[in-house]
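Written out below as structure tokens is the structure these notes cover.
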Amino acid sequence: MLLKDRIVAESTNLFVRNGVKSVRMDDIASRLGVSKRTIYELFGDRESLIVECVRHFYASQDEKHDRRVASARNVIEEFILLLEDWENMMMTNINFKSDLKRFYPAVFERVYSEIRQRGQERLKGSLKKGIDEGLFFPELNLDFTAVALMASINTIFASPSVYDEVHVSVSDAFKYITMCFFRGISTKEGIHIIDDTFRKHFPGGLFGQNKVRA
């Protein structure tokens, strides 16, 4: 791995784990055994390094997604496999994004529009695949459906306390809302596959042993 790539990878880990504001350039240099001057020669300034780290963070998540769903038999199974990973990823995403927005708004504005667009395009590709497989309604508006799903997921993790009064965890709320969303855009065949695949991966049901109280 090239030195520049090593710096980006290790800096990303430090930023995600400790917070962007808390990590100093001295910390990065010490961790990698290089001089701070070397880092500045390669990236110019701290904000340029952070931009590269944000891009690396999301590219790494895309690679994890691809590996996770490599064995899936259809797009519905892909989504259900990702349900097991999305909760942790979304919490990390939101914390990382909030940190950037608060302390580095210029970097946030510069990078997140392209990240959001890339995420929407990937999701639209998956939705189109579901249509081609006969699992989602062919009349779907792909742009709207992708935006609506991403907004729904972001809301779940941005306001976790709203589920306390009904005694539902964020994890269960995430599964419930996501599954309802996909059932709502699915054909009869798609719904059958959703229900069978979900029972296979989550045998305890949507709320496990903690059913919603009346």
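The values are calculated or read from the model by the stated rules, or taken from the named source; none is laboratory data. All values derive from a computational prediction rather than experimental measurement. Cβ placement follows ideal geometry from the backbone for every residue including glycine, while neighbour counts extend to all protein chains displayed. These accessible areas exclude ligands, DNA and RNA; they are computed on the full protein's heavy atoms, side chains included. Shrake-Rupley method; radii C 1.70, N 1.55, O 1.52, S 1.80 Å.
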Review point. Given the structure, is R118 assigned to a helix (DSSP H, G or I) and either more than 30 Å from S186 (Cβ to Cβ) or open to solvent by less than 20 Å² (accessible area, probe 1.4 Å) (or both)?
Key: no
Review point. Filtering segment 1-29 down to residues that are in contact (Cβ under 8 Å) with a residue 24 or more places away in the chain and small (G, A, S), which residue is nearest to H56 (Cα to Cα)?
Key: A9
**Study point:** Meets criteria (among the β-branched types (V, I, T), out of contact with any Asp or Glu (no Cβ under 9 Å at 6 or more places or on another chain), modelled with pLDDT of 80 or more and surrounded by 12 or more Cβ atoms within 10 Å (Cβ to Cβ)) for I193
**Key:** no
Study note, to complete from the structure: Counting only residues that are in a loop (DSSP other than H, G, I, E, B) and either touching a Pro at 6+ places or on another chain (Cβ under 9 Å) or exposed (fewer than 13 other Cβ atoms within 10 Å of the Cβ) (or both), segment 168-190 contains a total of 2
Practice item. Output the residues belonging to segment 125-146 that are surrounded by fewer than 17 Cβ atoms within 10 Å (Cβ to Cβ), under 13 Å from F79 (Cα atoms) and either touching a Cys at 6+ places or on another chain (Cβ under 7 Å) or of a type outside the set (G, A, S) (or both). Key: K129
Exercise for review: Within segment 122-167, work out how many residues are in contact (Cβ under 8 Å) with a residue 24 or more places away in the chain, of a type outside the set (A, V, I, L, M) and assigned to a helix (DSSP H, G or I).
Suggested key: 8
Review point. Out of V34, V23, which single residue is within 25 Å of S98 (Cα to Cα) and at pLDDT 95 or above?
Key: V23
Review point. Looking at segment 44-101, which of the residues that are among the hydroxyl-bearing types (S, T, Y) and without any contact (Cβ under 8 Å) to a residue 40 or more places away in the chain is surrounded by the fewest Cβ atoms within 10 Å (Cβ to Cβ)?
Key: S71
Revision key, fill the gap. By residue number, the members of segment 1-19 that are among the hydrophobic types (A, V, I, L, M, F, W, C), over 19 Å from the mean Cα position of the chain (by Cα) and either outside any loop (DSSP other than H, G, I, E, B) or surrounded by 12 or more Cβ atoms within 10 Å (Cβ to Cβ) (or both) are L3, I7, V8
